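The values are calculated or read from the model by the stated rules, or taken from the named source; none is laboratory data. Predicted model only: the values in this text are computed from it and were never measured. FYI the Cβ positions are ideal-geometry reconstructions off the backbone, even for glycines, and counts take in every protein chain you see.
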Amino acid sequence: MRALLTPVLFLPFLLSAQSLVSTAPQQRTALLEDFTGVNCGWCPQGHAVAAGIEAQHPDEVVVVGVHAGGFAVPSAGQPDFRTTEGTAIDAHFTIGGYPAGVINRRLFNGQDDLGRGLWEGAVNEVLGLSSPVNVGVMSSFDAVSRDLTVTVELYYTASSPGGDDYISVLIKEDHLIGWQTDYTNGNNPNYDHTHVLRGYVTSTWGDVVTTTTAGTTVVRTYTFNVPAAWNIANCEVVAFASEYQSEVYQVREVPADGGTTLLIGMLTGTTETFLAGSNGAQSVSTTTLTNMLGASEDYTVTLTSTDAPAGWSAEFVVGGTAYPTSTTLTLADGASEVIDVHITAGPEAAIAHYTLTVASTSEPMAPVLVRKYAVISGVTDLVMTNPQAEPWQPIYMDGLTLAGNNAFAATSRKELIAFGQASALTDVNNIYANISWTFPSITDDLVAVLVPFLDGGGNLMINGQDIGWDQSGDANAYGTPVTQAFYTNYMKATYVADGTTANSQVNFVDADLVFGALPTSAINNVFNGNNYPEEITPIAPAEAIFTYNNVNKKGGLRVQTSNYKLVYMGVGPEQFTDAATALQTIKLSHDWFYGIVGVDELDVAFASLLGQPYPVPTTGLLTLPVSGLEQAAVLRVVDATGRTVQELVVPAHATQVNLDLAAHGNGMYRLVLLGGSRPVTRTVQVQR
């Protein structure tokens, strides 16, 4: 049962009291309607993609699972998650296959339904748009009558471009257990269905709003009698403002029982801050907290980190007083307080994440204000993992450990892009892109970061099946003109064929000076029969590093230009049956990038960059002249047994390096400068 209560139009001055919305302009949030069905074998992949996107953008993405179409028709013993509203919405949009995603009911290249590989890019596009209207929602549930009361509040920061808008309110439920056909992991009779659309509180296409000019506030209250079969503890209320049957401007979700978007205040500034750090240096970010509760309030302010190394430290400063973890601030109505966050990196190379939270003591159910920070310091080698490729990330980490590197870290594609946009990758020499079998394999935003990185002297290893197919122009592929140009002009590859299970082993080219000594490895069935070992043709000056069973079918390449080195494999290392060989591909790429293994030509120009150390012999303190270093390099100190006892980054344009070798004891040491096609060494004796 639905009953529309009194629609109320408030004037802007009434917002001085408590409000569910901010009056400041906000970005759009994303509504992902995932059209699915219990008998859709590819739909679990869509569920995973949606969950990954939601995890990347907490509080910015709302997922609703719409069970509709032929695949949602249950057989005996299967659950029926179909709804009247879901069937109508499915019929309205041009759903051509399942899973399909409709993002903010918006057209992308003329299409309203998108394959799962396009969801992430579409969501990112939506999140980059401003919204003319802010949406707030509050929900309460009467356990006796089972009546749900939902209040929706709109505030227009700009006039709506579509004229009349529509408020839509729906209920979705998590943890509905039942059958799911699954082509990837096997059919599951006890699948955990989440985000399942249960029904609309408003009509299917919403409740009309006719006053949509800047400065207008609209409040609507609705009631809905919840069926006894629904578990209210697992239900959420979703409310959004949109044009009729199209263009969603903003969407919010709250728990059905006691959920609210009550605005306790504002933290002004960038939502996430990405910073470059260095050992002992303090990174500072400033934000301002403003009380918007309509009365004096005590706020609990807390700064936490779950992954900062022990040698790192952080604090926040308010009014000249530093707090390492938490404090309570009292603010009068409308008052503001500046909060400075100080993060000091230690000697350990890492990416550390910190979260500043502000909670209301009088309104514990209200959303907590959050500001996130990520600091990268001392990282020379960075593993980047695509969404859904996370299971294979440890292979890259283990390969770098095998290489003896102690200055590496791992990050997501989203975070790498953010660091690149913040110009925070200055210390990173090499990126290892764990693409695996994911879509889109490469995005325009990623290319926008990788191109200046490579042009500036960085190196890239990029691996995964279907990267080439994704840039092939196939009607089902996700490549764009930008990513296709990157594949050709930077990866130096031409896509030949998708590959089949006939390509069952990787044979490294014996004559290759970097990878030629690696043994042959069979190709594993890690994607449940979906093996597509990519066939490519290297574009000069790139050269093949391995072929498949047929020596005429090439699957990997390496290339060195005047700016960068790059390794590209059309199968991921996770597909190698020989795990040791998989790790060696990472190690040897690392070593080639640093010149530890190299080509025939001795790079005389690079050798001339390193002068003779003095004084020799030394009691410990040593100066090593450097000149003409156009890009960062790595200096290793190796003892007489071949053990690396010290390693540091020599920044571009450095003129000298000062070392203290006293702690390593007497003996002969090699100073190895890595960065050219071959290492440059100098020998020094420590004698005390």
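Would you confirm whether or not segment 362-369 contains a residue that is in the same structural domain as residue 297 (by TED's automatic domain parsing), on the phi > 0 side of the Ramachandran plot, without any contact (Cβ under 8 Å) to a residue 12 or more places away in the chain and not in a strand (DSSP E or B)? Taking every residue of segment 362-369 in turn, none turns out to be in the same structural domain as residue 297 (by TED's automatic domain parsing), on the phi > 0 side of the Ramachandran plot, without any contact (Cβ under 8 Å) to a residue 12 or more places away in the chain and not in a strand (DSSP E or B).
From the list 482, 509, which one is hydrophobic (A, V, I, L, M, F, W, C), in contact with a Gly (Cβ under 8 Å, 6 or more places away or on another chain) and farther than 17 Å from residue 577 by Cβ? It would help to see each step written out before you state the result.
Values: 482 fails: in contact with a Gly (Cβ under 8 Å, 6 or more places away or on another chain).
Result of the check over 482, 509: 509.
Restricting attention to segment 521-541 and to residues that are without any contact (Cβ under 8 Å) to a residue 60 or more places away in the chain and among the polar types (S, T, N, Q), the residue that is nearest to residue 488 (Cα to Cα) turns out to be 537. Of all the residues in segment 41-58, those that are under 21 Å from residue 411 (Cβ atoms) and either without any contact (Cβ under 8 Å) to a residue 60 or more places away in the chain or in a helix (DSSP H, G or I) (or both) number 9. Of the residues making up segment 523-537, not a single one is farther than 18 Å from residue 466 by Cα, assigned by TED's automatic domain parsing to the domain that holds residue 583 and not in a strand (DSSP E or B). Of the residues making up segment 551-570, those that are in contact (Cβ under 8 Å) with a residue 40 or more places away in the chain, more than 23 Å from residue 456 (Cβ to Cβ) and not in a strand (DSSP E or B) are 551, 553, 570. Residues that are surrounded by 18 or more Cβ atoms within 10 Å (Cβ to Cβ) and in contact with a strand residue (DSSP E or B) (Cβ under 6 Å, 6 or more places away or on another chain) within segment 361-379 comprise 366, 369, 371, 373, 374, 375, 376, 377, 379, listed in sequence order. Answer with yes or no whether residue 23 is under 26 Å from residue 255 (Cβ atoms), in contact (Cβ under 8 Å) with a residue 12 or more places away in the chain and part of a loop (DSSP other than H, G, I, E, B). It is true that residue 23 is under 26 Å from residue 255 (Cβ atoms), in contact (Cβ under 8 Å) with a residue 12 or more places away in the chain and part of a loop (DSSP other than H, G, I, E, B).
Selection of first residues in segment 328-340 that are surrounded by 18 or more Cβ atoms within 10 Å (Cβ to Cβ) and of second residues that are acidic (Asp, Glu) and assigned to a strand (DSSP E or B), restricted to Cβ pairs under 7 Å at least 6 apart or on distinct chains, gives the following pairs, ordered by first then second residue: 329/337; 331/297; 331/337.
The requirement of being farther than 21 Å from residue 537 by Cα and of a type outside the set (Val, Ile, Thr) is not satisfied by residue 463. Of all the residues in segment 227-275, those that are touching a Pro at 6+ places or on another chain (Cβ under 9 Å), hydroxyl-bearing (Ser, Thr, Tyr) and either surrounded by fewer than 18 Cβ atoms within 10 Å (Cβ to Cβ) or not in a strand (DSSP E or B) (or both) number 1.
Residue-wise test of (1) closer than 29 Å to residue 364 by Cα; (2) of a type in the set (Phe, Trp, Tyr).
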site: 213; (1), (2): no, no
site: 220; (1), (2): yes, no
site: 249; (1), (2): yes, yes
site: 262; (1), (2): yes, no
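Any chance segment 270-285 includes a residue that's at positive phi and assigned by TED's automatic domain parsing to the domain that holds residue 342? The answer is yes, given that some residue of segment 270-285 is at positive phi and assigned by TED's automatic domain parsing to the domain that holds residue 342.
Mind telling me which of the residues 52, 65, 41, 86 ends up being of a type outside the set (Ser, Thr, Tyr) and under 14 Å from residue 181 (Cβ atoms)? Testing whether each residue is of a type outside the set (Ser, Thr, Tyr) and under 14 Å from residue 181 (Cβ atoms) leaves just 41.
For segment 113-134, filtered to residues that are outside any helix (DSSP H, G or I) and surrounded by fewer than 19 Cβ atoms within 10 Å (Cβ to Cβ), the residue that is nearest to the chain's Cα centre (by Cα) is 128.
What are the residues in segment 462-517 that are farther than 22 Å from residue 440 by Cα and surrounded by 16 or more Cβ atoms within 10 Å (Cβ to Cβ), if any? Selection gives 503, 505, 506, 507, 508, 509, 512, 514, 515. Of the candidates 523, 545, the single residue that is at pLDDT 95 or above and touching a helix residue (DSSP H, G or I) at 6+ places or on another chain (Cβ under 6 Å) is 523. Selection of segment 279-313 for residues being outside any strand (DSSP E or B) and surrounded by fewer than 14 Cβ atoms within 10 Å (Cβ to Cβ) yields 280, 281, 295, 296, 306, 307, 310, 311.
Just for segment 330-361: of the residues that are small (Gly, Ala, Ser) and either part of a loop (DSSP other than H, G, I, E, B) or in contact with a Cys (Cβ under 9 Å, 6 or more places away or on another chain) (or both), which one is farthest from residue 320 (Cα to Cα)? Result: 349.
Results for (1) in contact with a Lys or Arg (Cβ under 9 Å, 6 or more places away or on another chain); (2) under 30 Å from residue 529 (Cβ atoms), shown as yes or no for each residue.
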residue	(1), (2)
350	no, no
357	yes, no
365	no, no
374	no, no
385	yes, yes
412	no, yes
439	yes, yes
442	no, yes
446	yes, yes
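Under 24 Å from residue 280 (Cβ atoms) and either under 11 Å from the mean Cα position of the chain (by Cα) or acidic (Asp, Glu) (or both), is that true of residue 398? The answer is no for residue 398.
For the structure I just gave you, tell me whether residue 89 is in contact with a helix residue (DSSP H, G or I) (Cβ under 7 Å, 6 or more places away or on another chain), buried (at least 17 other Cβ atoms within 10 Å of the Cβ) and within 28 Å of residue 261 (Cβ to Cβ).
no
The numbered conditions (1) buried (at least 21 other Cβ atoms within 10 Å of the Cβ); (2) within 16 Å of residue 593 (Cβ to Cβ); (3) at pLDDT below 95 are all true for residue 430 except (3).
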